[in-house]
Amino acid sequence: MEQRPTDLHDDALRECLADWGIDAATLAYAPVGFGDHHWTAVGSDGRRWFVTVADLAHKWHCGATPPDAYQGLRRAMDTAAALREAGLEFVVAPVRTAGGGTVRPLGERYAVSVFPFLDGSAGAFGERLGDADRRLVIDVLAELHRQPPPGEVPVPSPQPSARAGLERALAELGEPWHGGPFAERSRALFADRAEVLRRSLAAFDRLAADVAADGPVLVVTHGEPHSANLLRQDGGFRLLDWDTVGLAVPERDLWQVAEGSDDLARYAEATGRRPDPLALELYRRRWALEDVAEYAAWFRAPHGRTPDTELAWNGLVDTLDRLGEDDQG
């Protein structure tokens, strides 16, 4: 996130890092990514660390409330660590504390994970991969999907995690929204696109029923293998940001990477499984509806005008535009 949280102080974070045996000589807020807060830390021994502070109130995919979200995040980070320990070197996994944990609570709202600081070139969200890079990422996903599930892997629902809130928002368009500067703008936008959203939800439900009827085989998926979660290093890619890891159909990952029949054929050759076009479309639609649902929750809750809410507003407009194009198509 661009803006650091005002209720989280460096002294509290330093105290938390002691669980990892890190005596932080310096802490610097890193305004990167969208959703979590990040710091870089340098220990008194000179080692560098990348510290992620998750805002549990926004971890819809991990649980509806902070206590549930914390346990969901813990399972996800434990899974990432287990995958790395099983030999998947492309997994950028959290470092375990002295007690073996991967996540530590920080107050009631936040949770901390620590990662090694890695040199490399990270991508940007929305950046298109070239043909050679896509092949590399397809190979990474194929290796991940062949890996036996380690331990207590989360099982995310195919449904958008904040769908109930989205449906409440659609039902309450006739009442003022009071969350902040984007609340009424959002209500007007949702009112204008309400029928598009309802038709998108219905189309999603038809796809979900068709995919479920096929009795799909579930594999370990990353959940968000887009370009912003790829770190280029040593001629290959490492996968960042494992908080959405879960057992699902492989298309949950593939739709974000594969661009055509050659990519899908490469994956099929590596895994022996031909991707399902219906499942690819299901997860493409799910991504858009998940974004809209999270933006609705954000703007109906107390918020201010910040670089992050400006970015969220633009994301909401763009996503609703894409859903409208799908509806017309």
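The values are calculated or read from the model by the stated rules, or taken from the named source; none is laboratory data. All figures in this text were calculated on a predicted structure; none of them were measured in a lab. Every residue, glycine among them, receives a Cβ derived from its backbone with ideal geometry; neighbour counts consider all protein chains shown. Accessible surface is based on the protein model in full, side chains and every heavy atom, while ligands, DNA and RNA are left aside. Shrake-Rupley method; radii C 1.70, N 1.55, O 1.52, S 1.80 Å.
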Quote to one decimal, in nm, the extra length available between D318 and Q71 on full extension: 0.36 nm per residue of separation minus the C-alpha distance between them. 85.7 nm
Quick calc: nm separation of the 7 Å Cα→Cβ label points for Q233 and E310 -> 3.3
Please give the net charge around Q233, taking every other residue with its beta carbon less than 11 angstrom from that of Q233, where Lys and Arg add +1 and Asp and Glu add -1. -1
PRE zone check, label point 7 Å out along Cα-to-Cβ of A202, amide N under 19 Å, scope region 267-285, hits 282, 285
For the pair L118 and S44, what calculated FRET efficiency results from E = 1/(1 + (r/R0)^6), where r is the Cβ-Cβ distance and R0 = 22 Å, to the nearest 0.05? 0.60
Label-point separation in nm, D23 to A265, each point 7 Å along Cα→Cβ: 6.0
For region 180-329, what is the accessible area per residue in Å², given a 1.4 Å probe and the full set of protein chains? 43
Over region 225-329, what is the relative contact order in whole percent, taking alpha-carbon pairs under 8 Å and six or more residues apart? 18
Candidates per trypsin sites (Lys or Arg not before Pro) in region 90-175, loop by DSSP, up to 12 other Cβ within 10 Å: R128
What percentage of the solvent-accessible surface of the chain, computed with a 1.4 Å probe over protein heavy atoms, is contributed by carbon and sulfur atoms? 50
Label zone at A30, where the point sits 7 Å out along the Cα-to-Cβ direction: region 42-78 residues whose backbone N lies under 11 Å: 42, 48-53
Return one whole number: the accessible area per residue of region 24-117 in Å², for a 1.4 Å probe. 42
Subtracting the Cα-Cα distance from 0.36 nm times the residue separation, let me have the gained length for A194 to H178 in nm, one decimal. 3.9 nm
